[in-house]
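Encoded as structure tokens, the structure appears first; notes follow it.
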Amino acid sequence: MGAAGHQRRRLNRPSRPGPVIAVLAFAGMGASFMQTILLPIQAQLPTLLDASRGDTAWVITITLLVGAIFTPIAGKLGDMFGKRRIALVLLALLVAGSVLAAVTATVGPMIVGRGLQGMGMGVIPLGIAILRDVLPPKRLGSAIALVSATLGVGGALGLPISAFVTANYNWHLLFWVSAAIGTLSFVLFLLVIPVSTMRTGGRFDGVGALGLALGLGGVLLAVSKGNEWGWNSVQTLVPLIGGILVLALWGWYELRHENPLVDIRVSTRGAVLMTNLASIAMGFALFASSVVFPQLLQLPEKTGYGLGLSLLQASFVLMPSGLAMLAMSPVAGRLERRFGAKPLLVAGAAIIASSYLVAVFVDLEIWHVLIINTVIGVGIGLGYAAMPTLIMGAVPAHETGSANGLNTLMRSLGTSIAAAVVATVLAQSTVQYGGSAVPSADGFQVSLGLGLAAALVCAVIAVFIPKPKAHPAEHASIPEGTI
């Protein structure tokens, strides 16, 4: 019997959906905040942890890797055993990781703690899936937009908070703040989020989870470290090629498994596949600006193109982008109900492309960066609102968690590729200033051009997303009035 036949549905729709939406959004922002909390002190980590720069780099990288790998796994576990239950486990692990990082000053336990923090990213696709289960259709669009946007909002708002804390207090306070956010999210989840409304049960695909972790881990490791290790080095090529081979074997295995971790047949449907490809491109477009603008803002003015701000000042210039993503949530919901999710994604990508077009051809000042980055946030808010809606319209309800987890992974893959590609471009186009190499103006121009190209690719892919097919078997198995 398939997963749909095993599903169990409970009618537990909240009388007031507002608190549910607020809690899911808060938890999502808290989880994404974990990915940026150490960026302000990244250069000081070797001294703070008494370790080599190569070892301390893992303190940053491990959170991104674990978050990307564990997100689709968490989505599948939520579909099988209850989304609320799995989200609570992830939040507990996030708190444990935060406390471990807060009480250690050595690199090994710090890497473990940061890895546990990365598991919290699975809360975001689980939250989106919970919304489909418990909200009435008229509230669904704007709620999905809000929770989906937390992928970008948490990082955008977290950077100035982190910069302020590290500039004025002991850096370990960041992890106590993280633990407090995770604990509050856990308590609110217990009190506000209703018990999971759908479970498929069955046996967890452990082999599939291991294969996905090894394959993705290899590819993402090579992408994230390629610029540091050298793209032609054995150290980079072995995990890259090995990861690709493992993923190929993993796909073959998943196609033959009765209850796979990722349903490859569903994932290769036109609407799902095209949306995921667009997600990679939009993730790239988002992160290209996240790499370029902070560096541009902080370079000395004497370079001729740097804007001479401190880290804290630059963070506040970039913060309105996250606020714009939040502000677009109710707007995106109304636009989605009126025009549909596909036009919303096209519009979001077009807005991002227009912003990059201005950035490429204008001699940037501080106020230019503020406006351009904020408008990019508007486009991201629209695009990230549309993607989960497109995915959920194309997959059966009992696969909502795993499908959204995979889509979240695709966005993370786009940001990881952007980080690697833009870092390579900037590293290969440097000039000497004050006795050290800094990115050149041409390097910034090329990087912004890549962001423009990614946004245009996203728009073109979105135009060709087909209308999803209905799922008659699913609807037949759910009694009338339960949705």
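The values are calculated or read from the model by the stated rules, or taken from the named source; none is laboratory data. All values reported here derive from a predicted model rather than from experimental measurement. As a convention, Cβ positions derive from the backbone with ideal geometry for all residues, glycine included, and neighbour counts pool all protein chains shown. Each accessible area value is taken on the protein alone, full model and side chains, heavy atoms only, with ligands, DNA and RNA left out. Shrake-Rupley method; radii C 1.70, N 1.55, O 1.52, S 1.80 Å.
Each residue of the stretch 108-118 is assigned a 3J(HN,Hα), and the resulting list reads x, x, 5, 5, 4, x, 5, x, 5, 4, x Hz, derived from the Karplus form 6.51 cos²θ - 1.76 cosθ + 1.60 (θ = phi - 60°), x at Gly and Pro. Solvent exposure of the chain amounts to 40 Å² per residue of accessible area, where only protein heavy atoms count and the probe is 1.4 Å. Its Cα centre serving as origin, the stretch 331-469 has a Cβ charge dipole (Lys and Arg +1, Asp and Glu -1) of approximately 700 debye. Tell me which of P46, A324, L100 sits at the most positive position along the dipole axis of the chain, charges placed on C-beta atoms (Lys, Arg +1; Asp, Glu -1). Selected residue: A324.
In the stretch 232-350, a dipole from Cβ-located charges (positive for Lys and Arg, negative for Asp and Glu) runs towards its positive end, and of Q313, T275, G333 it is G333 whose Cα lies farthest in that direction. Here the stretch 66-176 is assigned +1 on the Cβ of each Lys and Arg and -1 on the Cβ of each Asp and Glu. Its dipole about the Cα centre then comes out at about 320 debye. State the answer as a single residue: which of Y253, A394, V460 lies farthest towards the positive end of the charge dipole of the chain, with beta carbon charges of +1 for Lys and Arg and -1 for Asp and Glu, about the Cα centre. Projecting each Cα onto the dipole axis, the largest value belongs to A394. The order of the peptides 143-149, 426-432, 291-297, 101-107 by mean Cβ neighbours within 10 Å, most packed first, is 143-149, 291-297, 101-107, 426-432.
Site-free segments of the chain were taken between trypsin sites (Lys or Arg not before Pro) in DSSP loops having at most 12 other Cβ atoms within 10 Å, sites themselves excluded; the longest one is 257-468.
For the chain, the longest piece that avoids every one of the GluC sites (Glu not before Pro) found in DSSP loops with at most 11 other C-beta atoms within 10 Å covers 1-257. Taking the Cα centre of the chain as reference, the dipole from Cβ charges on Lys and Arg (+1) and Asp and Glu (-1) amounts to some 1580 debye.
Which entry in (i) 21.6, 65; (ii) 26.1, 85; (iii) 21.5, 72 matches Rg and Dmax of the Cα atoms in Å derived from the coordinates of this structure? Checked against the structure: label (iii). Apolar share of the accessible surface for the chain: 68 percent from carbon plus sulfur atoms, 1.4 Å probe.
Under 5 Å from the amide H of T430 lie the amide H atoms of S440, each residue being 5 or more positions distant or on a separate chain, with H modelled from the backbone and absent for Pro and chain starts.
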